[in-house]
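The values are calculated or read from the model by the stated rules, or taken from the named source; none is laboratory data. Not measured: the values here are computed from a predicted model. Positions of Cβ are generated from backbone atoms using ideal geometry, with glycine treated the same way; all protein chains shown enter the neighbour counts.
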Amino acid sequence: DAGVIQSPRHEVTEMGQEVTLRCKPISGHNSLFWYRQTMMRGLELLIYFNNNVPIDDSGMPEDRFSAKMPNASFSTLKIQPSEPRDSAVYFCASTPSRVAAYNEQFFGPGTRLTVL
Amino acid sequence: AQSVAQPEDQVNVAEGNPLTVKCTYSVSGNPYLFWYVQYPNRGLQFLLKYITGDNLVKGSYGFEAEFNKSQTSFHLKKPSALVSDSALYFCAVRDYSGGYQKVTFGTGTKLQVIP
């Protein structure tokens with residue numbers, strides 16, 4: 001199994017531009033998570049999906065952020081417009097459990113976003 | 001909300017010595033606790049979890065963790081540290097915030113194993 005796949009691995013963009021991060025979870029996993037990691041705030045859960053449906057988006061910082069999961073094998077996290085404070089490493093993770101808190105999560109390698 | 005605390009930002013240990021990375025938790029109900037490791041420029045990797053049963057949980061790479069209900073702790077341990085164990089370690093707990101079950105991570109502890 002290839003594990004969780006994220007693209008791009010690195011993204012450098014200018015303030016105001018739209019950024020789209022992509023994730024392919026492990027086949028057969030029911031739940032998908034988007035996290036953001038920064039030195040200041042550590043690892044933050046942004047949103048998670050179960051069976052392609054957003055369950056909890058309370059961690060999404062503001063309306064500039066949106067996430068979709070059109071099918072079981074693909075999810076996107078979009079930032080529009082981007083700001084320098086969005087610079088972080090964004091992780092996608094998946095788990096086979098319908099109840100996300102019972103099982104280990106499998107993390108992708110992350111996308112390092114730099115907004116100039 | 002359920003939470004975990006990792007009181008040490010960094011732990012230094014000599015290679016071959018035992019290591020402990022501390023975690024305390026605050027939960028209502030039965031705790032579900034996890035440890036993850038993050039190597040540089042990588043995503044987090046699962047090490048072990050406690051759901052129920054024996055208080056001593058064994059995990060990957062020779063790590064183990066001891067669940068202590070009276071002290072509300074779940075410390076990560078290894079009898080003999082390797083230089084390759086140097087990484088960032090996260091404790092995590094099942095969280096019911098907002099009516100949904102999810103996992104909340106601690107702030108992380110950087111482990112430095114000195115040759």
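Listed here are the residues, each with its yes/no results for (1) in contact with a helix residue (DSSP H, G or I) (Cβ under 9 Å, 6 or more places away or on another chain); (2) surrounded by 19 or more Cβ atoms within 10 Å (Cβ to Cβ).
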| residue | (1), (2) |
| --- | --- |
| A:P8 | no, no |
| A:C23 | no, yes |
| A:I26 | no, no |
| A:R36 | yes, yes |
| A:M39 | no, no |
| A:S66 | no, no |
| A:I79 | yes, yes |
| A:S82 | no, yes |
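Among residues belonging to region A:26-40 that are more than 9 Å from chain B (Cβ to nearest Cβ) and not hydrophobic (A, V, I, L, M, F, W, C), point out the one that is farthest from A:D86 (Cα to Cα).
Looking at residues that are more than 9 Å from chain B (Cβ to nearest Cβ) and not hydrophobic (A, V, I, L, M, F, W, C), I get A:G28.
State all residues of region A:10-21 that are over 20 Å from A:T95 (Cβ atoms) and either exposed (fewer than 13 other Cβ atoms within 10 Å of the Cβ) or in contact with a Leu (Cβ under 8 Å, 6 or more places away or on another chain) (or both); if no residue qualifies, say none.
Initial filter on region A:10-21 (over 20 Å from A:T95 (Cβ atoms)): A:10-20.
Selection gives A:H10, A:E11, A:V12, A:T13, A:E14, A:M15, A:G16, A:E18, A:V19, A:T20.
Out of all the residues in region B:20-34, is one or more under 28 Å from B:P115 (Cα atoms), within 14 Å of another protein chain (Cβ to nearest Cβ) and free of Cβ contacts under 8 Å to residues at least 40 places away in the same chain?
No: region B:20-34 contains no residue that is under 28 Å from B:P115 (Cα atoms), within 14 Å of another protein chain (Cβ to nearest Cβ) and free of Cβ contacts under 8 Å to residues at least 40 places away in the same chain.
How about region A:80-116: which of its residues are within 11 Å of the chain's Cα centre (by Cα), among the small types (G, A, S) and more than 9 Å from chain B (Cβ to nearest Cβ)?
A:S94, the sole residue that qualifies.
Looking at (1) more than 9 Å from chain A (Cβ to nearest Cβ); (2) modelled with pLDDT under 95, find the lone condition where B:H75 falls short.
Checking B:H75 against (1) more than 9 Å from chain A (Cβ to nearest Cβ); (2) modelled with pLDDT under 95, the one that fails is (2).
Mind checking which strands (runs of 3 or more DSSP E) fall wholly inside region B:20-115 and carry at least 1 residues that are surrounded by 20 or more Cβ atoms within 10 Å (Cβ to Cβ) and of a type in the set (V, I, T)? Don't jump to the end; show me each part of the working.
On the way: elements: B:24-26, B:33-38, B:44-50, B:56-58, B:64-68, B:73-78, B:87-95, B:102-105, B:109-114.
Where strands (runs of 3 or more DSSP E) fall fully within region B:20-115 and carry at least 1 residues being surrounded by 20 or more Cβ atoms within 10 Å (Cβ to Cβ) and of a type in the set (V, I, T), they are B:33-38, B:56-58, B:87-95, B:102-105, B:109-114.
Run down A:C92, A:C23 and say which single residue is under 23 Å from B:Y32 (Cα atoms) and modelled with pLDDT of 95 or more. Spell out the reasoning first.
Numbers: A:C23 fails: under 23 Å from B:Y32 (Cα atoms).
None of the others qualify; the one that does is A:C92.
Go over the candidates A:D56, A:D86 one by one and state the one that is among the acidic types (D, E), in contact with a helix residue (DSSP H, G or I) (Cβ under 7 Å, 6 or more places away or on another chain) and surrounded by 15 or more Cβ atoms within 10 Å (Cβ to Cβ).
Values: A:D86 fails: in contact with a helix residue (DSSP H, G or I) (Cβ under 7 Å, 6 or more places away or on another chain).
After ruling out the rest, the residue left standing is A:D56.
What's the number of the condition B:S84 fails, among (1) within 11 Å of chain A (Cβ to nearest Cβ); (2) over 12 Å from the mean Cα position of the chain (by Cα)?
Result: B:S84 passes all but (1).
Please verify whether A:L77 is modelled with pLDDT of 95 or more, within 10 Å of the chain's Cα centre (by Cα) and among the hydrophobic types (A, V, I, L, M, F, W, C), treating the condition exactly as stated.
When the stated conditions are applied, A:L77 passes them.
Just wondering, is there one or more residues in region B:89-106 that are over 19 Å from A:S94 (Cβ atoms), within 11 Å of chain A (Cβ to nearest Cβ), touching a Ser or Thr at 6+ places or on another chain (Cβ under 7 Å) and of a type in the set (A, V, I, L, M)?
Scanning region B:89-106, I find at least one residue that is over 19 Å from A:S94 (Cβ atoms), within 11 Å of chain A (Cβ to nearest Cβ), touching a Ser or Thr at 6+ places or on another chain (Cβ under 7 Å) and of a type in the set (A, V, I, L, M), so the answer is yes.
If a residue has to be assigned to a strand (DSSP E or B) and either acidic (D, E) or in contact with a His (Cβ under 6 Å, 6 or more places away or on another chain) (or both) to count, how many in region A:58-94 make the cut?
Adding up the residues that qualify gives 1.
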